Amino acid sequence: MTPAFSVCVYCGSRTGESPLHADAARDVGHWIGRHSGQLVYGGGKNGLMGVVAAATLEAGGRVVGIIPLALVEKEWANDYCTELHVVDTMHDRKRMMAERADSFLALPGGIGTLEELFEVWTWRQLGYHDKPVGLLNVDGYYDSLIAFLQGSVKQQFMTEGLMNLIRISSDPQTLLQELVQAAGTAPPPHLESI
Ligand code: AMP
């Protein structure tokens, strides 16, 4: 069955200290699954990545995992994925993740997550794609990053317009709804209130 929409989620290969991060990752996966959507992600079972994938499957969604061969053991390649793609390089992984999704969402994570978020954001700025990008600020995790970026706008290294290319929210449902709508792939109307 063709999914109603396809969201690429970037998130930590660890779960972080607060249980609120895993709760939010679960909410994201459940929302995607309940709305007949597809998760595209890094293909591992570790950390928040594993949580979001398990929750999507549990709620009846499709999961596309894309993992470089060198990370199959380190990140525990997820053989429960609807589709698991083992690719040659990290560049192949990122390109395929970007191609298979119609919006991007970053959850809390480490440098891998940050690098992926900044890559799709800069690609959007450069016009390499026109897909919406979201940042889920769970429990204030990204407050200091957001403050830094706002400081960068103030110091005129960035424009307000560039800042506005990222949708930021602490509420998974609101943010996902916004992203799928902005991507032109709204979920089935009868499920919108869930
Ligand atoms: P992290 O947020 O550091 O826990 O990593 C989350 C995911 O980002 C993992 O699947 C990493 O393999 C992936 N990742 C993507 N690009 C990078 C990078 N340049 N350095 C480290 N991890 C990366």
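Since every read-out is calculated from the coordinates, none of them should be taken as a lab result. Predicted model only: the values in this text are computed from it and were never measured. Cβ: placed from backbone, ideal geometry, glycine included. Neighbour counts: every protein chain shown.
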Notebook entry, point to check: Could you list, in sequence order, the residues of region 62-73 that are of a type in the set (G, A, S) and closer than 11 Å to V40 by Cα?
Noted result: G65
Next item on the list: Sort out which residues of region 20-61 are within 19 Å of E115 (Cβ to Cβ) and more than 16 Å from the ligand (Cβ to nearest atom), and write them in order of number.
Entry: none
Item checked: Failed condition for I111, given (1) within 16 Å of the ligand (Cβ to nearest atom); (2) exposed (fewer than 15 other Cβ atoms within 10 Å of the Cβ); (3) in contact (Cβ under 8 Å) with a residue 24 or more places away in the chain -> (3)
Next item on the list: For residues that are surrounded by fewer than 18 Cβ atoms within 10 Å (Cβ to Cβ) and either among the acidic types (D, E) or closer than 18 Å to A183 by Cβ (or both), tally how many sit in region 132-168.
Entry: 7
Notebook entry, point to check: Can you name the residue in region 114-137 that is more than 16 Å from the ligand (Cβ to nearest atom) and in a helix (DSSP H, G or I) and, of all such residues, is nearest to I67 (Cα to Cα)?
Noted result: R124
Notebook entry, point to check: Based on what the data block shows, is G44 small (G, A, S), within 24 Å of G184 (Cβ to Cβ) and without any contact (Cβ under 8 Å) to a residue 40 or more places away in the chain?
Noted result: no
Item checked: Answer from A24, A70 - the residue that is in a helix (DSSP H, G or I), over 27 Å from Y142 (Cα atoms) and aliphatic (A, V, I, L, M) -> A70
Next item on the list: Considering only residues that are more than 12 Å from the ligand (Cβ to nearest atom) and among the β-branched types (V, I, T), look in region 1-19 and name the one that is farthest from Y142 (Cα to Cα).
Entry: T2
Next item on the list: Residue by residue through region 64-87, note down the ones that are within 14 Å of the ligand (Cβ to nearest atom) and among the acidic types (D, E).
Entry: E73, E75
